[in-house]
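Please treat every number below as a calculation from the coordinates, not as lab data. Since we're looking at a predicted model, the values are computed, not measured. Virtual Cβ from ideal backbone geometry, glycine too; neighbours counted across all protein chains shown.
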Amino acid sequence: MRFLNFPFLVYENILKHLEPRELLLFSFCSLKTRTLVSRMRHTPTYTIFILDKPEKMSYGFVEKPEKEQILLSWTWKKIAMESENLDNRTRLKLKDVLLDCRVTFHRKLNIPTLVCRCEDVSSRKRFATALHSHMCEVFHVKPEMQFKLSLDYMDELPYTNTVRDVTFLQSSVNSTVADEFFEKFHVTRALFSKRCVPDRLLKHSCKFLEIKNLFVDWSPWLDITLLLKVKCENIMFSSSTSVANDAHLIMDNFNLEAWDPEVDKIEYDEPVHDYCEELLYFLYDIKKYMLRSGILRRQSDGSRALDKTGSYCSS
């Protein structure tokens with residue numbers, strides 16, 4: 001590779017002008033290119049695996065939810081490999097994993113995509129695991145993974161037992177599969193369930209209430225009785241059930257007090273701001289949106305919840 005014959009200052013300046021996805025591909029070339037990229041100054045951040053489409057996985061940087069920067073994708077669609085494309089196939093080696101694939105690029109976004117054999121599930125899982133390890137060593141990303149996925153494709157996830165954040169997308173499976181996910185992957189920080197997620201995914205789950213931070217965009221099956229069961233640090237959810245419908249439970253388990261803006265200053269740090277920025281806008285602007293009904297204080301441990309028309313927030 002002639003590039004490596006350049007003086008140090010020359011290729012250092014070239015590398016500074018490459019995009020992260022270009023640096024990633026460059027780091028795959030050899031041990032020396034890997035070392036060159038690892039010596040660069042990288043801002044520590046988190047990475048995410050995205051499984052939002054059939055037979056496709058993406059991997060990228062994430063600073064805030066819904067703002068991912070995709071570095072690499074791979075697909076295993078059942079595409080008949082024409083004879084002229086056979087010469088373009090390569091065996092990509094990453095650590096001790098060999099992935100038989102063909103490299104293509106997204107025309108508009110210029111995202112590298114690996115076209116893999118559809119039957120080679122084990123190699124894809126090991127490649128995903130090796131890719132994250134490579135990113136930790138070369139780009140100095142945080143070791144805890146994040147997932148955004150439909151649980152229909154859970155079998156494609158890399159080998160790990162801890163996950164920082166998980167975002168659930170629309171799935172056809174039920175709560176049993178959700179509990180299998182929580183048993184296999186220990187979620188250390190937050191679960192975010194998007195509005196498109198059907199009720200059956202979490203409605204009868206026994207495990208999701210144990211997560212430290214729980215954010216459910218919208219589910220009519222969630223109501224005030226959930227506050228009797230949660231053990232998490234923060235929970236935010238929208239519900240169509242009003243406090244009046246559960247008056248007897250509130251009287252037995254909560255003290256209901258009027259909202260006092262001088263005393264009840266609900267302040268949230270990460271990850272609440274990360275996932276609930278839009279909801280918090282309505283909660284804080286009390287002069288413009290008079291939606292607060294009061295404060296619920298749980299008698300058992302003093303945990304408090306803000307009751308807002310159509311939504312509940314607990315800390």
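Worth pointing out:
- Extended-chain gain in nm, criterion 0.36 nm per residue less alpha-carbon gap, Arg91 and Lys56: 10.7 nm
- Cβ crowding within 10 Å averaged over residues, with 118-125, 67-74 ranked highest first: 67-74, 118-125
- The alpha carbon centroids of the range 9-48 and the range 175-227 are separated by 38 Å.
- Protection proxy ranking, peptides 98-108, 52-62, average beta carbon neighbours within 10 Å, highest first: 52-62, 98-108
- Overall form of the range 31-175 per C-alpha gyration tensor (a/c, 1.5; a/b vs b/c): oblate
- Summary of packing: across the peptides 37-48, 145-156, the per-residue average of other C-beta atoms within 10 Å ranks them, highest first, as 145-156, 37-48.
- For the range 84-155: rounded, prolate or oblate by the Cα gyration tensor [a/c cutoff 1.5]: rounded
- Cut-off 13 Å between beta-carbons: net charge of the residues surrounding Leu72, Lys and Arg +1, Asp and Glu -1: 0
- Karplus (6.51, -1.76, 1.60) ³J(HN,Hα), θ = phi - 60°, over the range 162-176, in Hz, Gly and Pro reported as x: 10, 9, 6, 10, 10, 10, 8, 10, 4, 9, 9, 8, 10, 5, 4
- Taken along the Cα-to-beta-carbon direction at a fixed 7 Å, the label points for His273 and Asp199 span 3.6 nm.
- One decimal place: the segment Phe8-Thr188 gains 60.6 nm when fully extended, by the rule 0.36 nm per residue minus the C-alpha distance.
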